[in-house]
Amino acid sequence: MKELSLNILDVAENSVKAGATLTQILLTQKDQVLTIEIVDDGCGMSEDVVRSVTDPFYTTRTTRKVGMGIPLLKLACEQTDGHLTIESTTQEADPINHGTHVTATFNMDHIDFTPLGDVCASVLTLIQGHPDTDFLFRHKKSGCDVKLDTRELREVLEDVPLNSYDVMEWIGEYLREQYEAES
(Lines give C-alpha, C1' and ligand atoms only; values in the text may rest on other atoms or scores of the structure.)
Protein backbone atom coordinates (compact mmCIF):
# COMPACT_ATOMS: atom_id res chain seq x y z
CA MET A 1 0.00 0.00 0.00
CA LYS A 2 1.21 3.48 -0.79
CA GLU A 3 0.18 5.00 2.55
CA LEU A 4 0.05 3.60 6.09
CA SER A 5 -3.40 5.18 6.47
CA LEU A 6 -4.67 2.54 4.03
CA ASN A 7 -3.14 -0.21 6.18
CA ILE A 8 -4.92 1.32 9.17
CA LEU A 9 -8.19 1.29 7.24
CA ASP A 10 -7.69 -2.36 6.27
CA VAL A 11 -6.90 -3.59 9.79
CA ALA A 12 -9.76 -1.56 11.30
CA GLU A 13 -12.15 -3.03 8.71
CA ASN A 14 -11.03 -6.47 9.91
CA SER A 15 -11.93 -5.39 13.45
CA VAL A 16 -15.44 -4.42 12.36
CA LYS A 17 -15.85 -7.73 10.50
CA ALA A 18 -14.81 -9.48 13.73
CA GLY A 19 -17.81 -7.95 15.47
CA ALA A 20 -15.99 -5.19 17.36
CA THR A 21 -18.19 -2.62 19.03
CA LEU A 22 -15.17 -0.40 19.73
CA THR A 23 -12.05 -0.12 17.60
CA GLN A 24 -9.21 2.04 18.91
CA ILE A 25 -6.75 3.51 16.43
CA LEU A 26 -3.80 4.86 18.39
CA LEU A 27 -0.82 6.54 16.74
CA THR A 28 2.20 7.66 18.73
CA GLN A 29 5.22 9.43 17.28
CA LYS A 30 8.23 9.80 19.55
CA ASP A 31 11.47 11.01 18.07
CA GLN A 32 11.65 9.13 14.76
CA VAL A 33 9.55 6.13 15.82
CA LEU A 34 5.92 5.77 14.77
CA THR A 35 3.80 3.21 16.61
CA ILE A 36 0.37 2.32 15.27
CA GLU A 37 -1.91 0.31 17.52
CA ILE A 38 -5.31 -1.00 16.51
CA VAL A 39 -7.17 -2.51 19.44
CA ASP A 40 -10.63 -4.02 19.19
CA ASP A 41 -13.15 -5.91 21.27
CA GLY A 42 -14.14 -8.25 18.45
CA CYS A 43 -14.40 -12.03 18.59
CA GLY A 44 -10.61 -12.48 18.63
CA MET A 45 -8.45 -15.05 16.89
CA SER A 46 -7.14 -18.41 17.98
CA GLU A 47 -3.40 -18.88 18.44
CA ASP A 48 -3.26 -20.80 15.14
CA VAL A 49 -4.94 -17.97 13.25
CA VAL A 50 -2.64 -15.37 14.85
CA ARG A 51 0.37 -17.40 13.66
CA SER A 52 -1.11 -17.72 10.15
CA VAL A 53 -2.44 -14.21 9.59
CA THR A 54 0.94 -12.80 8.47
CA ASP A 55 1.08 -15.38 5.66
CA PRO A 56 -0.23 -13.80 2.42
CA PHE A 57 -1.68 -17.15 1.36
CA TYR A 58 -3.87 -17.36 4.45
CA THR A 59 -7.31 -15.75 4.46
CA THR A 60 -10.71 -16.36 5.95
CA ARG A 61 -12.34 -14.89 2.85
CA THR A 62 -14.14 -17.18 0.45
CA THR A 63 -13.95 -14.76 -2.49
CA ARG A 64 -10.19 -15.11 -2.98
CA LYS A 65 -7.32 -17.26 -1.78
CA VAL A 66 -4.96 -14.56 -0.50
CA GLY A 67 -5.09 -11.98 2.27
CA MET A 68 -2.55 -9.23 1.84
CA GLY A 69 -3.49 -6.61 4.47
CA ILE A 70 -1.53 -7.84 7.50
CA PRO A 71 1.38 -9.24 5.43
CA LEU A 72 1.81 -5.86 3.70
CA LEU A 73 1.71 -4.05 7.04
CA LYS A 74 4.32 -6.43 8.41
CA LEU A 75 6.51 -5.86 5.35
CA ALA A 76 6.20 -2.08 5.71
CA CYS A 77 7.34 -2.36 9.34
CA GLU A 78 10.24 -4.67 8.64
CA GLN A 79 11.46 -2.53 5.72
CA THR A 80 12.16 0.23 8.27
CA ASP A 81 13.73 -2.15 10.83
CA GLY A 82 10.46 -2.00 12.78
CA HIS A 83 8.20 -4.87 13.78
CA LEU A 84 4.62 -6.08 13.96
CA THR A 85 3.00 -7.89 16.86
CA ILE A 86 -0.48 -9.33 17.12
CA GLU A 87 -2.09 -10.41 20.37
CA SER A 88 -5.57 -11.85 20.41
CA THR A 89 -7.97 -13.57 22.78
CA THR A 90 -11.06 -15.34 21.52
CA GLN A 91 -14.49 -14.71 22.92
CA GLU A 92 -14.69 -18.38 23.87
CA ALA A 93 -11.47 -18.15 25.91
CA ASP A 94 -12.51 -14.94 27.67
CA PRO A 95 -16.12 -13.80 27.24
CA ILE A 96 -15.37 -10.39 28.80
CA ASN A 97 -11.84 -9.39 27.72
CA HIS A 98 -11.64 -10.68 24.17
CA GLY A 99 -10.38 -9.00 21.03
CA THR A 100 -7.25 -8.26 19.06
CA HIS A 101 -4.34 -5.86 19.54
CA VAL A 102 -2.16 -5.12 16.51
CA THR A 103 1.00 -3.07 17.09
CA ALA A 104 3.11 -1.85 14.18
CA THR A 105 6.35 0.04 14.78
CA PHE A 106 8.22 2.01 12.13
CA ASN A 107 11.49 3.93 12.01
CA MET A 108 10.42 7.10 10.24
CA ASP A 109 13.92 8.19 9.29
CA HIS A 110 14.50 5.00 7.29
CA ILE A 111 14.64 5.48 3.53
CA ASP A 112 11.93 2.83 3.03
CA PHE A 113 9.42 4.41 5.44
CA THR A 114 5.95 4.48 3.89
CA PRO A 115 4.26 7.88 4.41
CA LEU A 116 1.40 8.00 6.89
CA GLY A 117 -0.92 9.54 4.34
CA ASP A 118 -4.41 10.92 4.94
CA VAL A 119 -5.35 9.25 8.21
CA CYS A 120 -8.31 11.63 8.61
CA ALA A 121 -9.82 10.25 5.39
CA SER A 122 -9.36 6.69 6.68
CA VAL A 123 -11.13 7.53 9.95
CA LEU A 124 -13.96 9.23 8.06
CA THR A 125 -14.32 6.21 5.77
CA LEU A 126 -14.59 3.89 8.77
CA ILE A 127 -17.23 6.02 10.47
CA GLN A 128 -19.22 6.51 7.29
CA GLY A 129 -19.16 2.82 6.45
CA HIS A 130 -19.88 1.63 9.98
CA PRO A 131 -21.97 4.29 11.73
CA ASP A 132 -23.12 1.88 14.45
CA THR A 133 -19.56 0.92 15.45
CA ASP A 134 -17.58 3.10 17.84
CA PHE A 135 -14.10 4.32 17.02
CA LEU A 136 -11.52 6.01 19.21
CA PHE A 137 -8.83 7.74 17.18
CA ARG A 138 -5.83 9.36 18.82
CA HIS A 139 -2.61 10.64 17.28
CA LYS A 140 0.02 11.83 19.75
CA LYS A 141 3.26 13.43 18.65
CA SER A 142 5.42 16.33 19.76
CA GLY A 143 3.16 19.37 19.98
CA CYS A 144 0.13 17.48 18.73
CA ASP A 145 -2.60 15.41 20.34
CA VAL A 146 -5.50 14.76 17.97
CA LYS A 147 -8.46 12.85 19.36
CA LEU A 148 -11.91 11.75 18.22
CA ASP A 149 -14.18 9.41 20.17
CA THR A 150 -17.48 8.51 18.50
CA ARG A 151 -18.94 7.53 21.88
CA GLU A 152 -18.71 11.18 22.93
CA LEU A 153 -20.33 12.26 19.67
CA ARG A 154 -23.24 9.86 20.19
CA GLU A 155 -23.96 11.37 23.62
CA VAL A 156 -24.27 14.84 22.10
CA LEU A 157 -26.03 13.87 18.87
CA GLU A 158 -28.49 11.44 20.46
CA ASP A 159 -30.46 10.02 17.50
CA VAL A 160 -28.57 11.71 14.65
CA PRO A 161 -26.65 9.09 12.64
CA LEU A 162 -22.89 9.56 12.58
CA ASN A 163 -22.82 9.03 8.83
CA SER A 164 -25.21 11.88 8.05
CA TYR A 165 -23.68 14.46 5.71
CA ASP A 166 -23.48 17.30 8.24
CA VAL A 167 -21.94 15.11 10.94
CA MET A 168 -19.36 13.65 8.54
CA GLU A 169 -18.48 17.17 7.35
CA TRP A 170 -18.07 18.33 10.96
CA ILE A 171 -15.91 15.32 11.91
CA GLY A 172 -13.58 15.96 8.96
CA GLU A 173 -13.23 19.65 9.85
CA TYR A 174 -12.76 18.82 13.54
CA LEU A 175 -9.89 16.42 12.81
CA ARG A 176 -8.22 18.77 10.32
CA GLU A 177 -8.52 21.71 12.73
CA GLN A 178 -6.80 19.73 15.48
CA TYR A 179 -3.89 18.89 13.17
CA GLU A 180 -3.63 22.50 11.95
CA ALA A 181 -3.79 23.94 15.48
CA GLU A 182 -0.88 21.81 16.58
CA SER A 183 1.33 22.47 13.55
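The fraction of accessible area contributed by carbon and sulfur in the chain is 50 percent, rounded to a whole number (1.4 Å probe; ligands and nucleic acids excluded). Shape descriptor for region 120-183: Rg over Rh equals 0.97 (Cα atoms; Rh from the Kirkwood inverse mean 1/r). Of the residues Ile38, Ile86, the one with the largest accessible area comes first in the ranking Ile86, Ile38, computed with a 1.4 Å probe on protein heavy atoms. Among the lysines of the chain, pairs at least eight places apart or on separate chains and with Cα atoms under 28 Å apart come to 19.
Volume per residue for region 5-135 equals 110 cubic angstrom (convex hull of Cα atoms). Largest first and in whole Å, the equivalent-ellipsoid semi-axes of region 67-183 read 27, 22, 13, each the square root of five times a Cα gyration tensor eigenvalue.
Kindly identify region 77-145 as rounded, prolate or oblate by the Cα gyration tensor criterion: order the square roots of the eigenvalues as a ≥ b ≥ c, call it rounded if a/c is under 1.5, otherwise compare a/b with b/c, prolate if a/b is larger, else oblate. Oblate is the answer for region 77-145, as a/c is 1.5 or above yet b/c matches or exceeds a/b.
Only sites in a loop by DSSP and with at most 12 other Cβ atoms within 10 Å count here; which GluC sites (Glu not before Pro) in region 73-112 make the cut? Let's see the in-between values first.
Details: sites: Glu78, Glu87, Glu92; in loops: Glu92.
Answer in residue order: Glu92.
Between Arg176 and Lys141, what is the FRET efficiency for a Förster distance of 22 Å, r being their Cβ-Cβ separation, to the nearest 0.05? Show your work: numbers first, answer last.
Numbers: r = 16 Å, r/R0 = 0.72.
FRET efficiency, Arg176 to Lys141: 0.90.
Rank these by accessible area, largest first, 1.4 Å probe: Ser142, Ser52.
The residues order as Ser142, Ser52, largest area first.
For the chain, modelled as a GNM whose springs connect Cα atoms under 10 angstrom apart, the maximal fluctuation among Asp159, Asp31, Asp94 occurs at Asp159.
Relative contact order of the chain: 25 percent, from C-alpha pairs under 8 Å at least 6 residues apart in sequence.
With a 1.4 Å probe and every protein chain left in place, work out the accessible area per residue of region 70-140 in Å², rounded to a whole number.
Details: 3460 Å² over 71 residues.
With the other protein chains kept in place, region 70-140 gives 49 Å² per residue.
The values are calculated or read from the model by the stated rules, or taken from the named source; none is laboratory data. All values derive from a computational prediction rather than experimental measurement. All Cβ positions, even for glycine, are placed from backbone atoms using ideal geometry, and neighbour counts span all protein chains on display. Ligands, DNA and RNA are stripped out before the accessible areas are found, and what is left, the full protein with its side chains, is counted by its heavy atoms. Shrake-Rupley method; radii C 1.70, N 1.55, O 1.52, S 1.80 Å.
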